[in-house]
Amino acid sequence: MHLVSLGDSITYGEGASTPSRAYPSVLTALLQSHLRSRSCCDAILAEPGWTSTDLLSALGAAGNLPLTHARAVTVWIGGDDLAQAALTTLASGRKSLPIAPLVLRYKRNLTDIVRFARADRRHVVIVCTQYNPFPNSPLAGEAVATLNEAIRSVTAATGATLAPVADWFAGRQSELIRNYRTGTIADALRGPAPVHPNDRGHRVVAEGLYRMLAPIVAH
């Protein structure tokens with residue numbers, strides 16, 4: 001079985017102590033154990049800082065090469081869409097995040113990404129929701145909730161499967177996010193930004209995706 005993981009810095013492995021502890025590698029190892037006699041390998045198309053626009057462009061540049069032998073594709077993108085919009089807002093002096101145009105663009109990009117991944121109908125495509133690394137900041141909560149509603153809308157419209165990563169992390173951010181401190185946006189301005197999963201967080205994601213994929217890839 002061939003697994004392709006599409007995303008940004010989290011999928012790239014940021015926050016994990018070693019690449020082998022990033023969720024794509026852990027997921028592949030779990031599937032390999034489950035499949036036993038059958039092989040399992042993974043491919044990753046992800047870079048730190050990628051927005052949904054960047055990922056879509058990378059897919060277009062690569063053609064169908066990353067997906068040629070895929071049995072399953074995971075998509076986790078959108079955190080940097082929010083982060084870049086927030087930085088632009090701060091730089092302009094505005095006090096509110098212009099979420100509507102961001103979400104419109106994001107939904108369009110995510111729809112194209114999923115359709116690209118589902119070009120071969122045999123592909124299982126799983127799209128991850130975004131967890132909130134700043135649960136004690138209402139603004140962050142509202143923005144992430146709005147983005148996740150867009151993700152739910154796209155998965156329903158495209159026939160993809162939703163991975164509720166936000167639910168897996170809810171109430172557990174302090175134990176699952178690297179450098180977590182107070183859970184407020186102010187933490188992003190002081191020291192290392194607490195936005196990536198630590199080793200335990202990456203494993204939680206891998207185990208959640210494994211539970212979803214194992215019954216599918218066994219057939």
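All conditions but one from (1) surrounded by 15 or more Cβ atoms within 10 Å (Cβ to Cβ); (2) modelled with pLDDT of 90 or more apply to A170; the one that does not is (1). Kindly establish whether A150 is under 15 Å from the mean Cα position of the chain (by Cα), within 28 Å of T18 (Cα to Cα) and open to solvent by less than 40 Å² (accessible area, probe 1.4 Å). Here the answer is no, as A150 does not meet what is asked.
Take the conditions (1) at pLDDT below 95; (2) crowded, with 21+ Cβ neighbours inside 10 Å; T129 misses just one of them, which is (1). For A156, the criteria (1) among the small types (G, A, S); (2) open to solvent by 70 Å² or more (accessible area, probe 1.4 Å); (3) within 16 Å of the chain's Cα centre (by Cα) hold in every case but one, which is (3).
Output the residues belonging to region 181-219 that are in a loop (DSSP other than H, G, I, E, B) and either touching a residue at least 12 places away in the same chain (Cβ under 8 Å) or open to solvent by less than 60 Å² (accessible area, probe 1.4 Å) (or both). Once the filter is applied, which keeps residues that are in a loop (DSSP other than H, G, I, E, B) and either touching a residue at least 12 places away in the same chain (Cβ under 8 Å) or open to solvent by less than 60 Å² (accessible area, probe 1.4 Å) (or both), region 181-219 yields R181, T182, G183, T184, G191, P192, A193, P194, V195, H196, N198, A218. Within region 1-59, being at pLDDT 90 or above, of a type in the set (D, E, K, R) and either part of a helix (DSSP H, G or I) or open to solvent by 20 Å² or more (accessible area, probe 1.4 Å) (or both) holds for E14, R21, E47, D54.
The values are calculated or read from the model by the stated rules, or taken from the named source; none is laboratory data. Quantities reported herein were computed from a predicted structural model and do not represent experimental measurements. In this analysis, Cβ positions are derived from the backbone assuming ideal geometry, glycine residues included, and neighbour counts consider all displayed protein chains. With ligands, DNA and RNA removed, areas are computed over all heavy atoms of the protein, side chains included. Shrake-Rupley method; radii C 1.70, N 1.55, O 1.52, S 1.80 Å.
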